[in-house]
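The structure appears below as structure tokens.
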Amino acid sequence: MADLLAHLQAHVREAAANASPVAIRAGNTKSHLVGRYCHARPLDVGDHRGVIDYQPDELVISARAGTPLPELESVLAEHNQVLPFEPPRYGGRATLGGTLACNLSGPARPWLGSVRDAVLGVQLINGEAQVLNVGGKVMKNVAGYDVSRLQAGALGTLGVITQIHLKVLPRAQATQTLAYEMTASQALETMCSRAREPRPLTGACWVNNRLFLRLAGAASAVRHTASQWGGEQLDDEIWSQLREMSHPFFAGKAPLWRLSTAPNAPHCEGVEQCIDWGGAQRWLRGEARSLDLPRGAHLSLFAGGDRDTEVRGALDPVQQRLQQRLKKSFDPAGIFNPGRLYSWM
Amino acid sequence: MNAPPAFSKQALASALRAILPAECLVEDKESQRPFECDGLSLYRELPLLVALPETVEQVQAIMQCCHRLQVPVVARGSGTGLCAGAMPHPEGVLLGLSKLNAIMEIDPQARTARVQPGVTNLSISEAVAPHGLYYGPDPSSQIACSIGGNVAENSGGVHCLKYGLTVHNLLSVEMITAQGERVELGSSGLDSPGYDLMALVTGSEGLLGVVTAVTVKLLPLPEVARVVMAGFDSVRAAGDAVGAVIAAGIIPAGLEMMDALAVQAAEDFAHAGYPRDAQAVLLCELDGTEQEVDQHIAAVERIFTEGGATTLRVSASDAERALLWKGRKSAFPAVGRMSPDYYCMDGTIPRSQVSHVLEEISRLSTKYQLRCANVFHAGDGNLHPLIMFDGGCAEQVARAEQFGAEILELSVAVGGCITGEHGVGLEKLAQMESQFSIAELHQFEDIKHAFDPALTLNPGKGIPILKRCQEYRALPRKHQHG
């Protein structure tokens, strides 16, 4: 529990003055995931931690970026609330700041949203070492540009996130996992059909020829839906295995690819797969670059493989120009996490 | 850049005539009159020209033309906005997008719809209803407001707490840049490579680009929805009851509060059966499966009773639910009947501050000698005070504006913000400085420059003009009041 804002600001000021890039890190759980390797001098945010404010009946919590997720979750649990986006804790060291920067969300994402959806406001140190407070601590705030959500998935390339305000939700009263034997194509069809029904569905994944559905919400609704949908009733272990990537599918050194797509896009054959997010996120092992991908889908190298080349697809020239200019508007000297998102950024 | 415009109206008109059919270009002042303001008619201005393109290619050609001539462009959807965000620029083109009104594709299995920007919010839900789906955000103006305008303002509605704002319900948007390029932001999946430009553009009030297509996410229509209406003898008791519902782990689909004056106005107008003697009325809607709604209705009834509700009624049919909502949904026109004009504010506050803020508003009402009715999206803290005044009296207009400004500053002072869903536009520019520091405003300005280096997109709105940005072409300082 420490406030290192002034210290971090001084570091950024010095880095900017010397045009000396920094690699922002806290729990250091994701430097080999999501983005490219960043070889700059580390700037450690991990000690800038602690919950600053929590108003359970406003559904809002504020914490410093270096706060480990388990610390945040245990504060919420005292009031029977949770982080709805189910972020991976990666052994308990993953922090709130890193989670937002990487925009990592678990199996509930299509139904309860991502960390990008939950963020209400951030405090950020930009490339001119100015401390900016954008967004706020209220559910609705449309004054100014949405700089808070812009941090989600920016991999720390726009500034040092120092504080985050989040919307949280009550813990579901009851949950039930259902499992069914079926092929990937049958599973995709079933996931999409089930997601069209007004039922308390909060998870849909497929791995090893089994479809898993999770119901979560009011006990009466979960019970009733489970009795209608049938299947084998299981405990909820599969969802934490997915969330933490501790499922055997994720073991080993083979490159792990993430395909972001429309949930009803056809199954691509020819590579080992695990389907999550009701079909909208597909994990692939091995060599995926040569696969015939669904239209509008995006492939990125999540873990393993060569992380010194580009790990995500090229942008069209207009997007690339806008993104470069945006980067420059926050970080004119290019000091934050150079190369982490793209080699040219 | 401070030099007089390098083009004449005639040169601009002839360039646009080469792009648009004659009936799509409005050149004479009288025909332009309907476009002089949006839903906030305190601010009016006529543009040089009104362009009403019928295709995306025409929009793109207009943008390229305006970029070449350095002409300001103000995009407009249905004109229902409440912050003068769509007020024309006197030296620019008003780009009306209402003719781009096709629903291009519905994909029920993916739960998405691809629509043009001029499609109205409600018509999306109507078009997808046969598939058992609907579009979540539902601003009160949903019968008229367009999805393009919803994206520009990041519009909300009464269901935000559970179903989110516009930004939570989009998959992708197609945008024409200030330079006239066509670009797709977002994707068919939930993540896209690089920065989340779609999130940045949502709520950017037409300052970063012109949206020409939107892919929205759709939700399954709930099996059942019921509403609990409760009267309380104090605002504080009603506010505490709202907190108790949340603390019980229930997220209502809608949770609305009205103060005594709003209740009386709404009851006179809609005869919904609200208790006229209540100091505050709550409407709490629960949706989901039948079992879930039964369980939650019972819990909410208990909480409201224990919280001191003086009246309690649960809708027994969809007709009764519609009637209970009718009063709330017609609160604005109902207040409109009590006064020649009203001025709707839009601050958001932490919910725990509601009784304090309403007491302060009551004090300000006495100070400014203007009545004020309050409707409150209690679930998400978005407060709409409706200040009543006579627009025919300049002195009253000035008092109403000062009253409104004090309410916004009060919202910021209690930890909230100046606008929850209506946007900054022209109206709230002055209050931006009470919410943001100079460094923060400069960052916003730099973002604007990144997208629109010549500053031709909706100039003078959304973010205040700072000295650092000398070339920013300011609007005339005086606006006609009407």
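A compact table of results
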read-out: Which numbered condition A:Glu58 misses (of (1) under 18 Å from A:Gln130 (Cα atoms); (2) modelled with pLDDT under 95; (3) crowded, with 21+ Cβ neighbours inside 10 Å); value: (1)
read-out: Residue that is farthest from the other protein chains (Cβ to nearest Cβ), among those in region A:135-150 that are outside any loop (DSSP other than H, G, I, E, B) and aliphatic (A, V, I, L, M); value: A:Val147
read-out: Search result, residues across region A:186-200 that are away from chain B (no Cβ under 13 Å) and either surrounded by fewer than 19 Cβ atoms within 10 Å (Cβ to Cβ) or closer than 19 Å to B:Gly288 by Cα (or both); value: A:Gln186
read-out: 2 or more residues closer than 23 Å to A:Leu83 by Cβ: qualifying strands (runs of 3 or more DSSP E) within region A:213-277; value: A:256-260, A:273-276
read-out: Matching option when the condition is at the interface with chain A (Cβ under 9 Å from one of its Cβ atoms), touching a Ser or Thr at 6+ places or on another chain (Cβ under 8 Å), under 21 Å from A:Gly135 (Cα atoms) and surrounded by 23 or more Cβ atoms within 10 Å (Cβ to Cβ), among B:Ser155, B:Ser188; value: B:Ser155
read-out: Residues being out of contact with any helix residue (DSSP H, G or I) (no Cβ under 8 Å at 6 or more places or on another chain) and modelled with pLDDT of 95 or more - total across region B:145-161; value: 3
read-out: Near pairs, Cβ below 9 angstrom, 6+ apart or cross-chain, from region B:434-453 (under 28 Å from B:Gln70 (Cβ atoms) and aliphatic (A, V, I, L, M)) to any residue that is crowded, with 22+ Cβ neighbours inside 10 Å and at pLDDT below 95; value: B:Leu441/B:Ile463; B:Ile447/B:Ile463
read-out: Hits in region A:315-344 (condition: of a type in the set (A, V, I, L, M), within 8 Å of chain B (Cβ to nearest Cβ) and out of contact with any strand residue (DSSP E or B) (no Cβ under 7 Å at 6 or more places or on another chain)); value: A:Leu315, A:Leu322, A:Leu326, A:Leu341
read-out: Top-ranked residue in region B:410-427 [being at the interface with chain A (Cβ under 7 Å from one of its Cβ atoms) and in a loop (DSSP other than H, G, I, E, B); ranked as surrounded by the fewest Cβ atoms within 10 Å (Cβ to Cβ)]; value: B:Gly415
read-out: Given (1) under 26 Å from A:Gly91 (Cβ atoms); (2) in the same structural domain as A:Gly203 (by TED's automatic domain parsing), index of the condition A:Gly296 fails; value: (1)
read-out: Residues of region B:432-448 satisfying the condition of being surrounded by fewer than 17 Cβ atoms within 10 Å (Cβ to Cβ) and either within 20 Å of A:Ala129 (Cβ to Cβ) or at pLDDT 95 or above (or both); value: B:Ser437, B:Ile438, B:Ala439
read-out: Hits in region B:389-409 (condition: surrounded by 19 or more Cβ atoms within 10 Å (Cβ to Cβ) and under 20 Å from the mean Cα position of the chain (by Cα)); value: B:Gly404, B:Ile407, B:Leu408
read-out: Residue count, region B:306-356 (criterion: within 14 Å of chain A (Cβ to nearest Cβ) and in contact with a Pro (Cβ under 7 Å, 6 or more places away or on another chain)); value: 1
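Rundown of residues vs (1) part of a helix (DSSP H, G or I); (2) over 24 Å from B:Gly425 (Cα atoms); (3) in contact with a helix residue (DSSP H, G or I) (Cβ under 7 Å, 6 or more places away or on another chain), yes/no style:
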| site | (1), (2), (3) |
| --- | --- |
| B:Ala319 | yes, yes, no |
| B:Gly327 | yes, yes, yes |
| B:Gly336 | yes, no, no |
| B:Val354 | yes, yes, yes |
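The values are calculated or read from the model by the stated rules, or taken from the named source; none is laboratory data. Computed from a predicted structure; not experimentally measured. We place every Cβ from the backbone using ideal geometry, glycine too, and count neighbours over all the protein chains shown.
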